[in-house]
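Chemist: Provided herewith is a single structure, encoded as structure tokens, for subsequent inquiry.
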There are 2 protein chains.
Amino acid sequence: VKSVLLSLVLLSLVLLLPIMLVDGQTQPPAPIISPEVHSDNRVTFRFRAPNAKEVSLELEGAKPVLMQKDDQGVWTMTTDKLEPDFYGYMFIVDGVRLMDPRNQLMQPNLLETDSEVHVPGPSSLSWEVNPVPHGVIHHHFYRSTIVGDECDFFVYTPPGYDASSKKLYPVLYLLHGFSDDASGWTSVGRANVILDNLIAHGKARPMLVVMPLGYGDPEILAGGDATFDTFNQRNIERFRETLLTEVIPQVENGYRVDKNREARAIAGLSMGGEESLFTGLNNLDKFAAIGGFSSGLPEQFITTLDAQFPGVGASANSKLRLLWIACGTDDRLIANNRKMREWLKSKGVRVTEIETPGEHTWMVWRRNLSNFVPLLFR
Amino acid sequence: VKSVLLSLVLLSLVLLLPIMLVDGQTQPPAPIISPEVHSDNRVTFRFRAPNAKEVSLELEGAKPVLMQKDDQGVWTMTTDKLEPDFYGYMFIVDGVRLMDPRNQLMQPNLLETDSEVHVPGPSSLSWEVNPVPHGVIHHHFYRSTIVGDECDFFVYTPPGYDASSKKLYPVLYLLHGFSDDASGWTSVGRANVILDNLIAHGKARPMLVVMPLGYGDPEILAGGDATFDTFNQRNIERFRETLLTEVIPQVENGYRVDKNREARAIAGLSMGGEESLFTGLNNLDKFAAIGGFSSGLPEQFITTLDAQFPGVGASANSKLRLLWIACGTDDRLIANNRKMREWLKSKGVRVTEIETPGEHTWMVWRRNLSNFVPLLFR
């Protein structure tokens, strides 16, 4: 409903002209509509900054583009036709990254929340809300003794899930990327919408999806990108511990879950892809399916794979129902993802190798999830 | 964990200085920390806008204040000591309202998302996260035939809630204000934290809290404040219908809920206060406790009370366990809330009359909820 409400608001802002008069100005500022999605899927972005010297638009998956100022002090830029999808974007105003003040659609993030625009597409797109039964998202809070802080996780239960029935469900543990919070996969990745659609069309088995906060060591965030490499190893090791000893027990006590390893999968994007490979391959007694989407595999990790995965070899094939490693070909991480796959193959481990168009963006990961989930628990 | 992570990020932004160099500039921009909460509860806000002519700070519950620019183009303002609480704020930059780009704490809203600053206080404050058991927040999505759109509601279940046990819980239906979405009471109002604390300290009975999207007619939002009066009547009537025929049945089918009227309460803030009074007093067969916090009671409503509440009189007293009408004395709505109470008393209806310091702000409503919930289901 949020997007419909926002459309209503945007479409009728003209009504507000009389009350947008700013005290002390001789003429009213023009009413701003931003973003404006045209019927041909071009999008116009507008930002009012009469005194700024330079304003540019940074759109997810595209190079920054300078905007043009009109005589009302409004900076404007219209894109080419965009593929239907959700796109993050920001305005760079004299060097400062700002959200779009005319738009309440956002992509929550712990380092930088971006504005978001929806270019609607046909109902066949897995991330579009359709008139199908919807699952429920449950938000859990707990104090982690391993992390030493309050932590949280989300659980998607599929339509028809009934806590009092005897039916048991398989579980996908789905991990977010560096700088996301635990809501990333639902608020930006639209995982609940994707699961609703796949299940409604018989393309995926009804399953639970558990989305935990992915920081084993929150210090990894302290300096932004600059501290990722320093704390990465401790972060993934402690994350594995909190997942195995704190999150999974809460899920398996609180929900009707099949506890067999064949009914447990783990996947994630970027940092969460690294965590999925590290946790999954080192704990094949607990997971039978593993997915890495644009996995963040820093040099320190990719150059020490024998030590990261001490017991991993051809014997893994009998336990692995699926090892799915995907990356966009324009992603800066493609080289290390290829190295990871080559190392696995050199050890005799069978890998499903996926290369798609795209950069390090949510447009890639929503498609990854839509293609990965149908393969699970078959 | 979000606030701890953000503190880590803010405290160490200085580390980022080398990578904050902007291409083509001869000197690096100063690293900005905003907001900075000092140990004595003063707060410094900073915003970098080297070419802006005027920047002011709008802090929830205070008058706008001009900020001062330094030679780095950074606008700064330090407040007096603030009461520990959560405050929304915005920067007004040459007439344009902007969020703080250095701060990822936000107050989601359908018309204007604000930045938020937390001035921490003692653990005795009901909205501070404490090491007590935490309830779970469940997010439900459904298509409303009455609203004609996708709608949602949140359900808080208290610590220890077990869907497979036989225990039945009472339910508070808790309604947000105009321009909020269904997440308002948890994301800004911290209702789950408040309930966790009250329950842990034996001050409230364990209960469910259901927080539905409060727009019976989404057109009420189309023109912002300008369309509130026009669509208010249709909005509250359709909201009542969707609550009674769509939301409550889903809750009572999906959760272990006591369906007796004595175990059902309704309360809300602003528009949600009006909806609570309208729905509650006109449906005493379904609700035994009613709360209005700074209820939005437009002229068209307050001048037609006999028609709004046709059957309401002294006979209501035997059904009402609690009718609690609160408003801040500095709220522009205090006059109409007093009129509402006087009308009820003129009809012989007993009212708990609460006037507190404060304006039309969340600081008032968090305290209202903290004082109202302990009175329920006794």
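Chemist: I need every pair where a residue in segment B:30-53 that is on the phi > 0 side of the Ramachandran plot has its Cβ under 6 Å from the Cβ of a residue that is crowded, with 16+ Cβ neighbours inside 10 Å, sequence separation at least 6 or different chains.
Modeler: B:Asn41/B:Leu82; B:Asn41/B:Val119
Chemist: Which number in (1) touching a helix residue (DSSP H, G or I) at 6+ places or on another chain (Cβ under 6 Å); (2) surrounded by 17 or more Cβ atoms within 10 Å (Cβ to Cβ) marks the one condition that B:Pro298 misses?
Modeler: All conditions pass for B:Pro298, except number (2).
Chemist: Name the single residue that is nearest to the chain's Cα centre (by Cα) among those in segment A:93-107 being assigned to a loop (DSSP other than H, G, I, E, B) and not acidic (Asp, Glu).
Modeler: The selected residue is A:Leu105.
Chemist: Do the conditions hold for B:Gly121, that is, is it small (Gly, Ala, Ser), under 23 Å from the mean Cα position of the chain (by Cα) and either at pLDDT below 95 or farther than 29 Å from A:Ala222 by Cβ (or both)? Spell out the reasoning first.
Modeler: Details: small (Gly, Ala, Ser): yes; under 23 Å from the mean Cα position of the chain (by Cα): yes; either at pLDDT below 95 or farther than 29 Å from A:Ala222 by Cβ (or both): no.
No.
Chemist: Hey, another quick one. Please verify whether segment B:89-108 includes one or more residues that are touching a helix residue (DSSP H, G or I) at 6+ places or on another chain (Cβ under 7 Å), closer than 30 Å to A:Gly160 by Cβ and within 11 Å of chain A (Cβ to nearest Cβ).
Modeler: yes
Chemist: Here's a follow-up. Considering A:Asn368, A:Asn282, A:Asn317, which residue is closer than 30 Å to A:Leu125 by Cα, modelled with pLDDT of 95 or more and not small (Gly, Ala, Ser)?
Modeler: Criteria check complete, one pass: A:Asn368.
Chemist: Let me confirm something: among B:Arg234, B:Arg261, B:Arg238, which residue is buried (at least 19 other Cβ atoms within 10 Å of the Cβ) and over 18 Å from the mean Cα position of the chain (by Cα)?
Modeler: That would be B:Arg238, the only listed residue that is buried (at least 19 other Cβ atoms within 10 Å of the Cβ) and over 18 Å from the mean Cα position of the chain (by Cα).
Chemist: State whether the residues of segment B:303-322 include one that is within 24 Å of the chain's Cα centre (by Cα) and acidic (Asp, Glu).
Modeler: The answer is no, given that none of the residues of segment B:303-322 is within 24 Å of the chain's Cα centre (by Cα) and acidic (Asp, Glu).
Chemist: Tally time: how many residues in segment B:81-107 are surrounded by fewer than 19 Cβ atoms within 10 Å (Cβ to Cβ) and touching a residue at least 60 places away in the same chain (Cβ under 8 Å)?
Modeler: 2
Chemist: Being at pLDDT 95 or above, out of contact with any His (no Cβ under 9 Å at 6 or more places or on another chain) and either assigned to a loop (DSSP other than H, G, I, E, B) or of a type in the set (Gly, Ala, Ser) (or both) narrows it down to one residue among A:Leu110, A:Leu172; which is it?
Modeler: Every option except A:Leu110 fails the conditions.
Chemist: Of the conditions (1) surrounded by fewer than 24 Cβ atoms within 10 Å (Cβ to Cβ); (2) under 19 Å from the mean Cα position of the chain (by Cα), A:Phe293 clears all except one; give me its number.
Modeler: The one condition A:Phe293 does not meet is (1).
Chemist: For segment A:157-167, which residues satisfy the criterion of being surrounded by 13 or more Cβ atoms within 10 Å (Cβ to Cβ), in contact (Cβ under 8 Å) with a residue 60 or more places away in the chain and not small (Gly, Ala, Ser)?
Modeler: A:Thr157, A:Tyr161
Chemist: Condition first: within 13 Å of another protein chain (Cβ to nearest Cβ) and β-branched (Val, Ile, Thr). Now tell me which residues in segment B:211-239 satisfy that.
Modeler: Across segment B:211-239, the qualifying residues are B:Ile220, B:Thr227, B:Thr230.
Chemist: Quick check on my filter: what residues within segment A:334-378 are in a loop (DSSP other than H, G, I, E, B) and aromatic (Phe, Trp, Tyr)?
Modeler: Matches in segment A:334-378: A:Phe377 only.
Chemist: Okay, moving on. Filter segment B:128-139 down to the residues that are in a loop (DSSP other than H, G, I, E, B) and touching a residue at least 40 places away in the same chain (Cβ under 8 Å), then identify the one that is nearest to the other protein chains (Cβ to nearest Cβ).
Modeler: Per the stated criteria, the residue is B:His134.
Chemist: Is there a residue in segment A:64-84 that is touching a Lys or Arg at 6+ places or on another chain (Cβ under 8 Å), under 13 Å from B:Met99 (Cα atoms) and within 14 Å of chain B (Cβ to nearest Cβ)?
Modeler: Taking every residue of segment A:64-84 in turn, none turns out to be touching a Lys or Arg at 6+ places or on another chain (Cβ under 8 Å), under 13 Å from B:Met99 (Cα atoms) and within 14 Å of chain B (Cβ to nearest Cβ).
Listed here are the residues, each with its yes/no results for (1) within 21 Å of B:Phe372 (Cα to Cα); (2) more than 10 Å from every other protein chain (Cβ to nearest Cβ); (3) of a type outside the set (Val, Ile, Thr).
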{"site": "B:Phe141", "(1), (2), (3)": "no, no, yes"}
{"site": "B:Glu150", "(1), (2), (3)": "no, no, yes"}
{"site": "B:Val155", "(1), (2), (3)": "yes, no, no"}
{"site": "B:Lys167", "(1), (2), (3)": "no, yes, yes"}
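Chemist: Kindly provide the set of residues from segment B:301-314 that are at pLDDT 95 or above, surrounded by fewer than 18 Cβ atoms within 10 Å (Cβ to Cβ) and of a type outside the set (A, V, I, L, M, F, W, C), ordered by number.
Modeler: B:Thr303, B:Thr304, B:Asp306, B:Pro310, B:Gly313
Chemist: Further, regarding this structure: Here are B:Leu284, B:Leu213: which of them is among the aliphatic types (A, V, I, L, M) and over 25 Å from B:Val136 (Cα atoms)?
Modeler: Numbers: B:Leu213 fails: over 25 Å from B:Val136 (Cα atoms).
Every option except B:Leu284 fails the conditions.
Chemist: I'd like to know if segment A:185-202 contains one or more residues that are in a loop (DSSP other than H, G, I, E, B) and in contact with a Gly (Cβ under 7 Å, 6 or more places away or on another chain).
Modeler: no
Chemist: Please go through segment A:175-184 and give me each residue that is out of contact with any His (no Cβ under 6 Å at 6 or more places or on another chain) and either of a type in the set (Gly, Ala, Ser) or not in a loop (DSSP other than H, G, I, E, B) (or both), ordered by number.
Modeler: Of everything in segment A:175-184, those that are out of contact with any His (no Cβ under 6 Å at 6 or more places or on another chain) and either of a type in the set (Gly, Ala, Ser) or not in a loop (DSSP other than H, G, I, E, B) (or both) turn out to be A:Leu175, A:Gly177, A:Ser179, A:Ala182, A:Ser183.
Chemist: Please enumerate the residues belonging to segment B:31-58 that are within 11 Å of another protein chain (Cβ to nearest Cβ) and either of a type in the set (Asp, Glu) or under 16 Å from B:Pro120 (Cα atoms) (or both).
Modeler: Correct list: B:Glu54 only.
Chemist: Now, a different point. Every residue in segment B:325-337 that is farther than 14 Å from B:Phe301 by Cβ and surrounded by fewer than 17 Cβ atoms within 10 Å (Cβ to Cβ), please.
Modeler: B:Thr329, B:Asp330, B:Arg332, B:Ile334
Chemist: For segment A:109-127, give me the residue count where each residue is buried (at least 18 other Cβ atoms within 10 Å of the Cβ), within 12 Å of chain B (Cβ to nearest Cβ) and either free of Cβ contacts under 8 Å to residues at least 12 places away in the same chain or out of contact with any strand residue (DSSP E or B) (no Cβ under 7 Å at 6 or more places or on another chain) (or both).
Modeler: Count: 2.
Chemist: Okay, moving on. Could you go through segment A:294-302 and let me know if any residue there is farther than 29 Å from A:Glu60 by Cα and out of contact with any strand residue (DSSP E or B) (no Cβ under 6 Å at 6 or more places or on another chain).
Modeler: No - not one qualifying residue is present in segment A:294-302.
Chemist: Let me ask you something else. Would you confirm whether any residue within segment B:243-252 is away from chain A (no Cβ under 12 Å), farther than 15 Å from B:Phe154 by Cβ, β-branched (Val, Ile, Thr) and crowded, with 18+ Cβ neighbours inside 10 Å?
Modeler: The answer is no, given that none of the residues of segment B:243-252 is away from chain A (no Cβ under 12 Å), farther than 15 Å from B:Phe154 by Cβ, β-branched (Val, Ile, Thr) and crowded, with 18+ Cβ neighbours inside 10 Å.
The values are calculated or read from the model by the stated rules, or taken from the named source; none is laboratory data. Treat the numbers as computed from the prediction; the structure is a model and nothing was measured. Backbone-built Cβ (ideal geometry, glycine too); neighbour counts: all protein chains shown.
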